[in-house]
Amino acid sequence: MTKLNSKIPEGPIAEKWTNYKAHQKLVNPKNKLKLDVIVVGTGLAGASAAASLGEMGFNVLNFCIQDSPRRAHSIAAQGGINAAKNYQNDGDSVYRLFYDTVKGGDYRAREANVYRLAEVSNNIIDQCVAQGVPFAREYGGMLANRSFGGAQVSRTFYAKGQTGQQLLLGAYSALSRMVEAGKVKLFTRYEMEDVVIIDGRARGIIARNLVSGKLERFTANAVVIATGGYGNTYFLSTNAMGCNCSAAMACYRKGAMFANPSYVQIHPTCIPVHGDKQSKLTLMSESLRNDGRIWVPKKLEDAKALQAGTKQGWDIPEEDRDYYLERRYPAFGNLVPRDVASRAAKERCDKGYGVNNTGLAVFLDFSESIQRLGIDEIRQRYGNLFDMYEEITDVNPGEFVQSVNGIDYYKPMMIFPAIHYTMGGIWVDYELQTTIPGLFAIGECNFSDHGANRLGASALMQGLADGYFVLPYTIQNYLSDQAVWPKVSTDLPEFAEAEKSVDAEIDRLMGIQGKRSVDSIHKELGHIMWEHVGMGRTKEGLEEGLKLLKALRKEFNENLFVPGKKDELNTELDKAIHLRDFITMGELVATDALHREESCGGHFREEHQTEEGEAKRDDENFFYVGCWEYQGTDEKAPVLHKEPLEYEAIKVQTRNYKN
Amino acid sequence: MAKNISFTIKYWKQNGPKDKGHFDTHEMKNIPDDTSFLEMLDILNEELIEEGKEPFVFDHDCREGICGMCSLYINGTPHGKTATGATTCQLYMRRFKDGCTITVEPWRSAAFPVIKDCMVDRSAFDKIIQAGGYTSVRTGQPQDANAILIPKQDADEAMDCATCIGCGACVAACKNGSAMLFISSKVSQLALLPQGKPEAAKRVKAMVARMDELGFGNCTNTRACEAVCPKNETIANIARLNREFLKAKAKD
Amino acid sequence: MSVTGLALILFLTFHACMNVAALFSADAYNAICGFLGANWYAVAATAALAALVALHFIFAIILTLQNRKARGNNRYAVSTKVNEGKVEWASKNMFVLGLIVCLGLLLHLWGFWYNMMFAELAGCESQISPTDGYGWIVYNFHDRPGACIFAALYIVWLAALWFHLSHGMWSAFQTLGASGKTWLKRVKLISLIWNTIVILMFVVVVVYFALGFGSCGECTSACGDACQQAAECGAAC
């Protein structure tokens, strides 16, 4: 267990970060110029880290798979970013943000990391405003806030429904400034294939130029991966098509431990699946739950009629509707945290109350708010989302249908939960360093701050906190003695060997020459994951899932077809490499889910629920971070290590959103 | 309820920037009209791969209209025709008629060389931003966010400018291959905010110079860019850019 | 382009106002002609004007070449369609329109300037005195052989000029930054009205004389003969 030293600084929780900064080792300005850092990924975490490290004087090599750093999927975040500014004078504080985040995470996050996150949250807002991020303002010129699920204060800063975009463009502009200054060298359309370890330390990467298909070697004094989550393991998710976990898997295979893979967030308000040709799911902002009411019919025959298409939502009168969230959670109603809302929808659909042709959808209805506030007010708030919904589904939510007994009926939206975010990730200590010295993981890619469930508007906060305010400090503690070491040459045998093994693996994939396209196997993987490792997990289901995954790997290894050549632009090859790692990732998720005999946050084991169907944690036996160590081959099951959680500041309780 | 349509797709194949390129055609049968355009291309690629052919290459990523990666010129319109303007990924097959022919081309502009098929190199946009599309602040401890008061109207207008996703449709539609709408959006965003003021003159000169250097054309105010912008950026931004530029030049 | 363009619009405006004088009084018109005859300031202004046109033309060529290069060698197979209704036809064809305007200008120089200012400077002899501008108008649009074709060409020329200005004028303001979200519409409207009035003033003069409303009272006898010829020609038309 010595491998997992979380390195949490001494002292009371509120002073840990200050203490750490006061006592950490620094790198003097001259030496910074001699040190190279590789940052893989240009999302919020990657771009902000690359920019900040460049500003400090380090030489940064920054990689991304897209054509530009600005395309990273952080850009798609809609809602906002939390910070404990207390501008609204509603009693917010660093402690309260910390507390809400830990509670929202179902008491499975590392306390010290979360407190630090809450602490630097305010700096993020200051930093972004200074960069010219156009956050929403009030008439007086002050910053505006909105509220989000799982909190009782308004602490979310936002820029229309495009907060992620604006924050990413802020980080991108800082990054661009450093590129112009020559401190950051940008490699676009490059994919990291392996991390190179020399004398036990991460010393470089092997990256593939996606345009030429050539493998290239890059050396540095430290490697930072900021490559996002693994949601696309499920094929259908709200992630971008290019999102993948290959870089993380490369680190995992080289010995970096993977923590809590079973914590996968399922977002309750996505547009339902419409057919088997679908490539991705579109998220409808959580903010819709402020004014929309979620329901299914009370009577099973009504649901049957809806599924058959003989009835429409508006044909079902008010008294026959079951607003199940309001019924089950009177205190929070439609604004319960994401995991709770998602599970409740699944529960209704499993019982046969689904409302579309597949039986996998529930209604999100604005009739009541439109009647109360008027369509203009509702369109003012959600107009762009309504338009987007109409463009996709050809249904205009909020279109008046009829008035019966003084109640107006409008066309409702249909929604269903979908994979959205992964709380699990590469294990890191307080310094964001993985179990491989010199290898750091930041943003969604690491596991640290969200526990078993992430609250809305916290992902942006974490990505930027890691990139701007945490890593640039903690990495110096590692780099401080590096300046005296000679530069590592890419001609060393370790580089040659890493490159050779990547090349051999690519040859293997190209050489299978089977019958099945990458996507067809990926879809199958998605089905297995959603069915057996999805929202409601059981022991039998997970065991079955693991069996199916094994069979799927065999199918992949024997029957994959990749057209084209390896030394040219080959999108199918890119996808094949991703898929190979998604299958391994899928097994990791299932293995972790199987071992975790409790329900918490995004991980719900049907055996472990209360009589009312709520998640039942087992703090006695599972109050730890589950970390998995690779055993040299994908065929062997990984080995579990535990990082016990130690809570000093917060009393661990059962989450309660009922009253 | 979704109905199915069949049509002919004519798609551009080009092996690298120097290749001449040509169209290939494929018959698409019974595509549900609630399929998105890119999902339809996924189906096309599945069918091509099944026939042992190489897939059709195009850029795409988030598929929800925000990353700016998708970039197809469909039937004479960058991103294809929609009601209010949207990216290629937000285009659905119900906008096409049964039995029609759909022609898919890449962005064609000298500053955006083709990498393969309909995938083009838009790194010129990054280079323009690198020339000055930022405020020079270091990560650290700037003043409190509320220390700078910004009138709501200015903040909202800056937000509208900042909405640009850098997809390049403006350049693709422009008969002059001009990037003015793109750069004016960034210049406008920062010109409208007090944070951008100290460097305003330097920024606009540097960005315009970089744009010219990279071989983009000149703006002749045809407004084609505005007509195809999926994020509805307006040429009012270009007027502001011109104003900022003249102001900056006048100071020299 | 914008600065030279606006300067030329200013010139056109003066020119149009001057022409209108011919509708009311031949004397007044000739007085203005005399005023702008072979004086040093008129010659200087003409040179400046020529320089403006040349600059406008040279810039147009440079920009068009640059823009064609920026567009690249690959053309779209399906030409851009989006722009239906949103992109004005004139804005896409400014160069061609400009060329038509230039051709018209040559016609104009040959018909008027050569006979009037140039003749006066060179001291040539002709049927109509170089200072009798009014006479030249009547001659060109009504009396000369093929006057109706001459007039028709003028109308075509002015139409091209109208299209050119319908885009050029507001566009010049836009390029100079004198536009914005609310002002764009206003600038466009003002430009449209302005340029329509200017062109109409030109057109009215042409039509007025082509239809023979120009009095021959002040004409020389030579002019009278020409009148007769023109009448025959008019009948032939």
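Listed values for region B:156-172 are Karplus-derived 3J(HN,Hα) couplings in whole Hz (6.51 cos²θ - 1.76 cosθ + 1.60, θ = phi - 60°), namely 5, 5, 4, 5, 4, 5, 6, 5, 3, 9, x, 7, x, 4, 4, 5, 5, and x replaces Gly and Pro.
Take each residue in A:230-236, count the other chain C-beta atoms within 10 Å of its C-beta, and the mean is 0.
Sequence-ordered 3J(HN,Hα) estimates for region B:44-55 from the Karplus curve with 6.51, -1.76 and 1.60 and θ = phi - 60° stand at 3, 5, 4, 5, 5, 5, 4, 7, x, 8, 7, x Hz, glycine and proline given as x. For region C:1-85, the alpha carbon convex hull comes to 146 Å³ per residue, rounded to a whole number. Charge dipole (Cα centre; +1 on Lys/Arg Cβ, -1 on Asp/Glu Cβ; no other charges) of the protein assembly as shown amounts to roughly 1880 debye. In region A:11-167, a dipole from Cβ-located charges (positive for Lys and Arg, negative for Asp and Glu) runs towards its positive end, and of A:G140, A:G104, A:V153 it is A:G104 whose Cα lies farthest in that direction. Per residue, what volume in Å³ does the Cα convex hull of region B:156-208 take up? For region B:156-208, the hull spanned by Cα atoms encloses 69 Å³ per residue. In Å, what Kirkwood hydrodynamic radius results for chain A from the alpha-carbon pair distances? Here the Kirkwood hydrodynamic radius works out to 25.3 Å.
Against the empirical 2.2 N^0.38 Å (N residues), region A:1-62 has a Cα radius of gyration ratio of 1.41. On the protein assembly as shown, 56 percent of the accessible area sits on carbon and sulfur atoms, based on a 1.4 Å probe. As a rough guide to protection, the peptides C:190-203, B:102-115 ranked by mean Cβ packing within 10 Å, highest first, stand as B:102-115, C:190-203.
Reducing region A:423-499 and region A:535-613 to their Cα centroids gives an inter-centroid distance of 25 Å. Inter-chain neighbour count for A:534-542: the average number of beta-carbon atoms from partner chains within 10 Å of each residue's beta-carbon is 0.
Of the complete DSSP H runs in chain A, those spanning 20 angstrom or more by Cα along the long axis with a mean Kyte-Doolittle score not below 0.0 are A:163-180, A:571-595. The C-alpha atoms of region A:260-359 occupy a region whose extents along the principal axes are 43, 40, 23 Å, arranged from largest to smallest.
Scanning residues 5 or more positions from A:V196 or on other chains, those with amide H under 5 Å from its amide H are A:R203, A:G204, A:I205, A:I206, with H placed 1.01 Å from N in the peptide plane.
Estimated purely from DSSP H runs of n ≥ 4, each contributing -39500 (n - 2.57), the mean residue ellipticity at 222 nm for chain A is -11000 deg cm²/dmol once divided by its residues. Listed by chain and number, the aspartates and glutamates placed with their C-alpha closer than 16 angstrom to that of A:K547 are A:E524, A:E531, A:E555, A:E587, A:D592, A:D634, A:E635; residues fewer than eight positions away on the same chain are left out. For A:R537, the residues whose modelled amide H falls within less than 5 Å of its own, excluding neighbours fewer than 5 places apart on the same chain, are A:F604, A:R605, A:E606.
Over all pairs of different C-alpha atoms, the protein assembly as shown has a mean inverse distance whose reciprocal, the Kirkwood radius, equals 32.6 Å. Accessible-area rank, largest first, for A:I650, A:I407: A:I407, A:I650, with all protein chains present and a 1.4 angstrom probe.
Taking the 0 to 90 degree range and rounding to the nearest ten, how far is the long axis of helix C:147-175 tilted relative to the main principal axis of chain C, both from C-alpha atoms? The helix C:147-175 is inclined about 40 degrees to chain C.
Ligands, DNA and RNA excluded, the heavy atoms of A:K185 present near 120 Å² of accessible surface to a 1.4 Å solvent probe.
Note on region B:111-252: Cα-Cα pairs beyond 19 Å make up 52% of the total pair count. Counting Cα-Cα pairs of region C:2-236 in 5 Å increments starting at 0 gives whole-percent bin shares of 1, 6, 11, 16, 17, 15, 11, 9, 6, 4, 3, 1, 0. Close amide H partners of B:V120, meaning residues 5 or more places away or on another chain with modelled amide H under 5 Å apart, are B:D59, B:I115. Only protein heavy atoms count here; on that basis, with a 1.4 Å probe, B:H60 has an accessible area of about 50 Å². If I fit a long axis through the Cα atoms of helix B:123-132 and take the longest principal axis of the Cα atoms of chain B, what angle between them do I get, 0 to 90°, rounded to 10? So the inclination is approximately 10 degrees. Averaging Cα coordinates gives a centre for region C:155-202 and one for region A:51-103; these two points are 48 Å apart. Neighbours of B:A83, meaning other residues whose beta-carbon lies under 12 angstrom from its beta-carbon, give a summed charge of -1 when Lys and Arg score +1 and Asp and Glu score -1. Between A:N260, C:L55, B:S36, the Cα set farthest toward the positive side of the dipole of the protein assembly as shown (charges on each charged residue's Cβ, about the Cα centre) is that of C:L55. The alpha carbon centroids of region A:285-362 and region A:126-171 are separated by 31 Å.
Shown here is the pair-distance distribution of region B:4-115: with all Cα-Cα distances grouped in 10 Å bins from zero up to the longest one, the shares run 14, 48, 34, 5 percent. Global size of region A:491-622: 18.8, 63 Å for Rg and Dmax (C-alpha atoms, Rg to one decimal, Dmax whole). Here the translational diffusion coefficient of region A:179-272 follows from Stokes-Einstein with Rh set to the Kirkwood radius across Cα pairs; for 20 °C and 1.002 mPa s it amounts to 139 µm²/s.
So what is log10(I(q)/I(0)) for region A:376-508 at q = 0.14, 0.22 1/Å, when the Debye sum runs over its Cα atoms only? Summing over Cα pairs of region A:376-508 leads to -0.90, -1.23. Of A:F400, A:F98, the residue with the largest accessible area leads and the full order is A:F400, A:F98 (1.4 Å probe).
Treating each Cα of region C:65-136 as one equal point scatterer and applying the Debye formula with no solvent, the log10 of I(q)/I(0) at q = 0.15, 0.29 Å⁻¹ comes out as -0.68, -1.21.
For the Cα atoms of chain B, what angle does the longest principal axis make with the long axis of helix B:180-192, in degrees from 0 to 90, nearest 10? With rounding to tens, the tilt is 40 degrees.
Each principal axis of the Cα atoms in chain B has its own extent, and those three values, largest first, are 61, 43, 37 angstrom. Remark: accessible surface ordering of A:Y234, A:Y353, A:Y473 (largest first) is A:Y473, A:Y353, A:Y234, probe radius 1.4 Å. Computed over all pairs of different Cα atoms, the Kirkwood value for the hydrodynamic radius of region C:22-142 is 17.8 Å. About its Cα centre, chain A has a charge dipole of approximately 1080 debye under the convention of +1 per Lys or Arg Cβ and -1 per Asp or Glu Cβ, with nothing else charged. Geometric descriptor of region B:47-189, per residue, is 166 Å³ (volume of the convex hull of the Cα atoms). Think of region A:491-622 as having a plus end and a minus end, set by charges on the Cβ of Lys, Arg, Asp and Glu; of A:M529, A:H603, A:F561, A:F561 sits farthest toward the positive end of this dipole.
Working ranking of peptides C:94-103, A:482-491, A:448-457, A:338-347 by packing, defined as the average number of other Cβ atoms within 10 Å per residue, highest first, is A:448-457, A:338-347, C:94-103, A:482-491. Dipole magnitude for region B:4-115: computed about the Cα centre from +1 point charges on Lys and Arg Cβ and -1 point charges on Asp and Glu Cβ, it is near 560 debye.
The values are calculated or read from the model by the stated rules, or taken from the named source; none is laboratory data. Just so we're clear, the structure is a prediction, and the values are computed from it rather than from any experiment. When we count neighbours, we look across all protein chains shown, and the Cβ atoms used for this are built from the backbone with ideal geometry, even at glycine. Just the protein is used for accessible areas: all its heavy atoms, side chains included, with ligands, DNA and RNA removed. Shrake-Rupley method; radii C 1.70, N 1.55, O 1.52, S 1.80 Å.
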